[in-house]
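In what follows, a structure is listed as structure tokens, so that the remarks can point back to it.
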Amino acid sequence: MKVISVPSTPFPGQKPGTSGLRKKVTVFRQARYLENFVQAIFDTLSGQQGKTLVLGGDGRYYNDVAIQTILRMAAAAGFGRVLVGRDGILSTPAASAVIRKWQAFGGIILSASHNPGGEDGDFGIKYNLANGGPANEGFTEAVYQRTREIRAYRTVEAPDIDLGRIGELRIGDLVVSVIDPVADYAELLESLFDFERIAGLLARPDFRMRFDAMHAVNGPYAHEILERRLGAPAGTVVNGTPLPDFGGGHPDPNPVYAAELVAALADSRSGLSFGAASDGDGDRNMIVGRAFVVSPSDSLAVIAANHALIPGYAGGLAGVARSMPTSCAVDRVARELGIPCYETPTGWKYFGSLLDAGKATICGEESSGTGSSHVREKDGLWAVLYWLNILAVRDTPADVIVRQHWQHFGRNVYSRHDYEGIETGPADRLMDGLRSRLPQLAGSLVKDMRIATADDFAYTDPVDGSRSERQGIRILLDDGSRVVFRLSGTGTEGATLRVYLERFVADPGCHEVPTQEALAPLIGLAENVAQIAALTGRKGPDVIS
Ligand code: VG1
Ligand code: CO
């Protein structure tokens, strides 16, 4: 096997964000761009000689080309074996499951998750460690530093190989095992949930479910697990054929981009009792009851509160964890269960050390991500099966389950407002302005609301002691309400401002007040302290979730 070294020069800005490096396809298609970043990953690793790498992606445009490039580079880097999903496909949670099951050295996942795909869409790449989870900040920063000084990448001369059939192939000394992308993952989920009971629910004539795969990676996973293994009627999974451009949509399961599903559940003529969806790479989920969208923060709390009903979790939870902007609903559950609740920065990479150390069993984010210690990524279908298992045992509709949860714990009314594609200059000025006013904000009175504390969230990992700063501006009112401001770290164009709003309502008589109405005073406060309209020129958010 002849390894060749191809001279290269650095590209600026190859800095991974919340979840890997994400750029436009047009950026990734530049000669040497992908190669430089992959070489920087391999240069940052040590000890990979002869070891196994897992490789797969969400099937978006450029997935197939990138996979072949990475296989040749993995051969040159000295890996002994690459486990690659058939046709180069692996959902993010399935990749995590495969890394763990086969004790691989690590994995490369090609995905820009919920971002649009296609020739003019987005592409992404990230590295996962041997625990199956996204590499920590220390690693991604080292990769970034390496991209700034790269002078060559290493590859081998070999033609593209056929990834359409399961089996073993070779590229020089490298063994390429083409694996069924669904099998290991489905087996893992089967070990956690009561499939018999869920099958019983799905067979009931009065229960009808729809799963919207949004033309993304989970189509084949949902067909296999929901329809084949659990016996849901054919047609339960819609938009189940993955497309390189996701059919032109945003594969992001929220009320705006999955509006059709939400509308179907709101229409009694559809006969549907339960709806769910997942995103581009299969790690996010949306849960919808009859005319009722479950807020992801509430979903996390309900999942934790009902763990005793689920075989894989009936033994108890070590702890729970949520990202800082996620509502405090799960904190109340943890308090009642007498278990710790950890608050981390946004992004799944921060949960890894808590899960590895056995400090947390279930984790979640307000952005439709929930998961557990079974893998080291959030997991869309896992959340859907968890809900189905709860519904099967409790024989209660999803909306009633949430309402009963509120009655018991109180309701953390919650919403996120996104201002997408704003210019980076004004976005930075808005955040810098807030940061500089933090000392004055604490203790001040804004429109009759008393700000108790205001800070920029910083986190010290309780396991490895690593520190992450500037993770979001928090404004806490004296009644426990919160407004949080952050800039997205996953976009590829301009900046996206996220404003997170939360208010606790104990009185069951007030639980049905519409969310935006209940949060109106906080929305006003956010505008008042951040001057969003004046600085960005936007009158309102693009997406409300
Ligand atoms: C967003 C979400 C965050 C999530 C991340 C990756 O990040 O807010 O909670 O972990 O996407 O999700 P940001 O920086 O844009 O707010 V996914 O489904 O893209 O892997
Ligand atoms: Co995703």
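The values are calculated or read from the model by the stated rules, or taken from the named source; none is laboratory data. On a predicted model such as this, the values are computed, not experimentally measured, just so you know. Backbone-built Cβ (ideal geometry, glycine too); neighbour counts: all protein chains shown. Quick note on the areas: whole protein, heavy atoms, side chains included, nothing else; ligands and nucleic acids left out. Shrake-Rupley method; radii C 1.70, N 1.55, O 1.52, S 1.80 Å.
Of all residues being away from ligand 1 (no atom under 13 Å from the Cβ) and aromatic (Phe, Trp, Tyr) in segment 99-130, which is surrounded by the fewest Cβ atoms within 10 Å (Cβ to Cβ)? Just the residue, please. First the steps, then the outcome.
The initial filter retains those residues of segment 99-130 that are away from ligand 1 (no atom under 13 Å from the Cβ), namely 99-108, 118-121, 127, 129-130.
When the remaining residues are screened for being aromatic (Phe, Trp, Tyr), the result is 102, 105, 127.
Details: TRP102: 14, PHE105: 19, TYR127: 24.
Of everything passing the filter in segment 99-130, TRP102 is surrounded by the fewest Cβ atoms within 10 Å (Cβ to Cβ).
Can you tell me which residues in segment 77-92 are in a loop (DSSP other than H, G, I, E, B) and either of a type in the set (Lys, Arg) or more than 16 Å from ligand 2 (Cβ to nearest atom) (or both)? Give the steps one after another, and end with the answer.
If we filter segment 77-92 for residues that are in a loop (DSSP other than H, G, I, E, B), which is where we start, we get 77-80, 90-91.
Once the filter is applied, which keeps residues that are in a loop (DSSP other than H, G, I, E, B) and either of a type in the set (Lys, Arg) or more than 16 Å from ligand 2 (Cβ to nearest atom) (or both), segment 77-92 yields ALA77, GLY78, PHE79, GLY80.
From the residues in segment 333-354 that are hydrophobic (A, V, I, L, M, F, W, C) and open to solvent by 10 Å² or more (accessible area, probe 1.4 Å), which one is nearest to the chain's Cα centre (by Cα)? Even if it seems obvious, please write down each step before you answer.
Looking only at segment 333-354, we keep the residues that are hydrophobic (A, V, I, L, M, F, W, C), and these are 333-334, 337, 339, 341, 348, 351, 354.
Now narrow it down to the ones that are open to solvent by 10 Å² or more (accessible area, probe 1.4 Å): 337, 339, 341, 348.
Values: LEU337: 26, ILE339: 24, CYS341: 20, TRP348: 7 Å.
Result: TRP348.
Taking the conditions exactly as written (among the small types (Gly, Ala, Ser) and either within 22 Å of ALA263 (Cβ to Cβ) or in the same structural domain as GLY59 (by TED's automatic domain parsing) (or both)), does ALA199 satisfy them or not? Break it down into steps so the answer makes sense when it comes.
Numbers: among the small types (Gly, Ala, Ser): yes; either within 22 Å of ALA263 (Cβ to Cβ) or in the same structural domain as GLY59 (by TED's automatic domain parsing) (or both): no.
Against the criterion (among the small types (Gly, Ala, Ser) and either within 22 Å of ALA263 (Cβ to Cβ) or in the same structural domain as GLY59 (by TED's automatic domain parsing) (or both)), ALA199 does not qualify.
Which residue out of TYR185, TYR221, TYR257 is among the hydroxyl-bearing types (Ser, Thr, Tyr), buried (at least 17 other Cβ atoms within 10 Å of the Cβ) and in a loop (DSSP other than H, G, I, E, B)? Working first, answer last.
Details: TYR185 fails: in a loop (DSSP other than H, G, I, E, B); TYR221 fails: in a loop (DSSP other than H, G, I, E, B).
Unique residue meeting the criteria: TYR257.
Of the conditions (1) more than 14 Å from ligand 1 (Cβ to nearest atom); (2) within 24 Å of the chain's Cα centre (by Cα); (3) surrounded by 14 or more Cβ atoms within 10 Å (Cβ to Cβ), GLY371 satisfies every one except a single condition; which number is it?
(1)
So GLU35 clears everything in (1) buried (at least 16 other Cβ atoms within 10 Å of the Cβ); (2) of a type in the set (D, E, K, R); (3) modelled with pLDDT under 95 except one condition, right? Which one?
If we test GLU35 against (1) buried (at least 16 other Cβ atoms within 10 Å of the Cβ); (2) of a type in the set (D, E, K, R); (3) modelled with pLDDT under 95, just (3) comes out false.
Within the bounds of segment 140-154, is there any residue that is at pLDDT 95 or above, part of a strand (DSSP E or B) and within 16 Å of ligand 2 (Cβ to nearest atom)?
no
With the requirement that a residue be within 16 Å of ligand 2 (Cβ to nearest atom) and more than 11 Å from GLU420 (Cβ to Cβ), what does segment 470-489 give you?
Residues of segment 470-489 within 16 Å of ligand 2 (Cβ to nearest atom): 488-489.
Listed by number, the list holds a single entry, GLY489.
Please go through segment 156-175 and give me each residue that is in contact (Cβ under 8 Å) with a residue 24 or more places away in the chain, in contact with a strand residue (DSSP E or B) (Cβ under 7 Å, 6 or more places away or on another chain) and surrounded by fewer than 15 Cβ atoms within 10 Å (Cβ to Cβ), ordered by number. If you could, list the steps in order and put the result at the bottom.
Our first condition is that a residue be in contact (Cβ under 8 Å) with a residue 24 or more places away in the chain; within segment 156-175, this holds for 156-158, 160-161, 163-166, 171-175.
Narrowing further to those that are in contact with a strand residue (DSSP E or B) (Cβ under 7 Å, 6 or more places away or on another chain): 156-158, 161, 163-166, 171-172, 174-175.
Residues satisfying the conditions are GLU157, GLY164, ARG165, ILE166, GLY172.
Within the set of pairs 6+ apart or on separate chains, which have a first residue in segment 126-155 that is without any contact (Cβ under 8 Å) to a residue 60 or more places away in the chain, a second that is buried (at least 19 other Cβ atoms within 10 Å of the Cβ) and aromatic (Phe, Trp, Tyr), and C-beta atoms under 7 Å apart?
Cβ pairs passing all conditions: ALA130/PHE105.
Looking only at segment 93-112, which residues are part of a helix (DSSP H, G or I), under 19 Å from ARG284 (Cα atoms) and touching a strand residue (DSSP E or B) at 6+ places or on another chain (Cβ under 6 Å)?
Here is the first cut: in segment 93-112, the ones part of a helix (DSSP H, G or I) are 93-101.
Checking which are under 19 Å from ARG284 (Cα atoms) leaves us with 93-98.
Selection gives ALA95, VAL98.
Filter segment 490-513 down to the residues that are small (Gly, Ala, Ser) and more than 16 Å from ligand 2 (Cβ to nearest atom), then identify the one that is surrounded by the fewest Cβ atoms within 10 Å (Cβ to Cβ).
Checking each candidate, the answer is GLY509.
ALA392 - would you say it is buried (at least 24 other Cβ atoms within 10 Å of the Cβ) and away from ligand 1 (no atom under 16 Å from the Cβ)? Give the derivation first.
Working: buried (at least 24 other Cβ atoms within 10 Å of the Cβ): no; away from ligand 1 (no atom under 16 Å from the Cβ): yes.
In short, no.
Answer with yes or no whether ALA276 is among the aliphatic types (A, V, I, L, M), open to solvent by less than 20 Å² (accessible area, probe 1.4 Å) and in a strand (DSSP E or B). Let's see the steps before the verdict.
Values: among the aliphatic types (A, V, I, L, M): yes; open to solvent by less than 20 Å² (accessible area, probe 1.4 Å): yes; in a strand (DSSP E or B): yes.
For ALA276, the condition - among the aliphatic types (A, V, I, L, M), open to solvent by less than 20 Å² (accessible area, probe 1.4 Å) and in a strand (DSSP E or B) - is met.
On the basis of being in a loop (DSSP other than H, G, I, E, B), within 16 Å of ligand 1 (Cβ to nearest atom) and polar (S, T, N, Q), does SER297 make the cut? Before the answer, list the steps.
Values: in a loop (DSSP other than H, G, I, E, B): no; within 16 Å of ligand 1 (Cβ to nearest atom): yes; polar (S, T, N, Q): yes.
Judged against the criteria, SER297 is not a match.
So which of ALA135, ALA112, ALA142, ALA97 ends up being assigned by TED's automatic domain parsing to the domain that holds ARG22, aliphatic (A, V, I, L, M) and farther than 26 Å from THR496 by Cα? Break it down into steps so the answer makes sense when it comes.
On the way: ALA135 fails: farther than 26 Å from THR496 by Cα; ALA112 fails: farther than 26 Å from THR496 by Cα; ALA142 fails: farther than 26 Å from THR496 by Cα.
Residue meeting the stated conditions: ALA97.
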